[in-house]
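The structure appears right after this line, and notes come after that.
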Amino acid sequence: MDPKQFRFYCQAGNLGMIREVLADLSAASREEYLRSVLQLPLRSDVLEYLGSEVTRLSGEQGTAILIELLYSEEAAARNLAIELFPAFGIASLRVLQSHACDMDPDVRLFVVQAMQQLPYKDEVVRTLAKQLSVEREPNVLVAIVEAIGDMGAGPAEAEAIVGAMEAYDHPYVRFVGERALLRLGWERLAATGGERL
């Protein structure tokens, strides 16, 4: 079947035909067909079904599609990608780490959100703390600091938060940093406004 016909079924919400088409495809063709439709505006049930099909692909194929979706104009497609990354385990962690310093600040923000969903807390926190030293976009900085505060961290990560507060003197970054330090048990650093002891 022509991919254009498949796109028509997806946009029309014809789940029966979508299932039938995908069932007859090879893995390589399934990847191609999924890529061709996932960035389109789609009904939620269609998007959910296509997402389940993505998880049947290999880690390399699946994570490549999910990374593409982080660049999508469709919020539902981006949210789907963030939800599906855990299905690919360590492959997702490696791919997301490689995009942590993407040129697009929105993509960096989505990468932070996606990494929070992964079960590799220690490695995620280390990656995010390292990103704090180079990140200069306030929204992304805040997301990273909040993530580290939520996930829990040690002295090195607390110092990274303090470093970000000093390097980027922004009221909201400071507020979120102080709150994260309190959650991490670094009351003295938070009380002094991030000044090193």
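The values are calculated or read from the model by the stated rules, or taken from the named source; none is laboratory data. Owing to the predicted nature of the structure, the values given are computational and were not obtained by experimental measurement. Backbone-built Cβ (ideal geometry, glycine too); neighbour counts: all protein chains shown. We work out accessible area using only protein heavy atoms, side chains counted, and drop any ligands, DNA or RNA first. Shrake-Rupley method; radii C 1.70, N 1.55, O 1.52, S 1.80 Å.
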Give the carbon-plus-sulfur fraction of the accessible surface of the chain in %, rounded to a whole number; probe 1.4 Å, heavy atoms of protein chains only. 51
Within the chain, what's the longest stretch lacking trypsin sites (Lys or Arg not before Pro) that sit in DSSP loops with no more than 14 other Cβ atoms inside 10 Å? 57-135
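How much accessible area per residue does the chain have, in Å², with a 1.4 Å probe?
It amounts to 49 Å² per residue over the chain.
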Give me the Kirkwood hydrodynamic radius of segment 1-50 in Å, from all C-alpha pairs, to one decimal place? 10.6
Which sequence of Thr127, Thr63, Thr55 reflects their accessible areas, 1.4 Å probe, from the largest down? Thr55, Thr127, Thr63
Contour minus Cα-Cα span, Glu166 to Leu15, at 0.36 nm per residue, comes to 49.1 nm
Helical mean residue ellipticity (222 nm; -39500 (n - 2.57) per DSSP H run of 4+; nearest 500) of the chain: -22000 deg cm²/dmol
Computed magnitude of the charge dipole of segment 107-165 (debye, nearest 20; Cβ of K, R +1, Cβ of D, E -1): 140
What residue among Val112, Val21, Val145 has the largest mean-square fluctuation in a Gaussian network model of the chain, using Cα springs under 10 Å? Val21
Which angle from 0 to 90°, rounded to the nearest 10, does the C-alpha axis of helix 138-151 make with the longest principal axis of the chain? 80
Exposure rank, largest accessible area first [Cys10, Cys101; 1.4 Å]: Cys101, Cys10
Could you state how much accessible area Leu118 has, in square angstrom rounded to the nearest 10, with a 1.4 Å probe and all protein chains kept in place? 10
Would you mind calculating the gained length between Arg43 and Ile90 on full extension (0.36 nm times residue separation, minus the Cα-Cα distance), in nm to one decimal? 13.9 nm
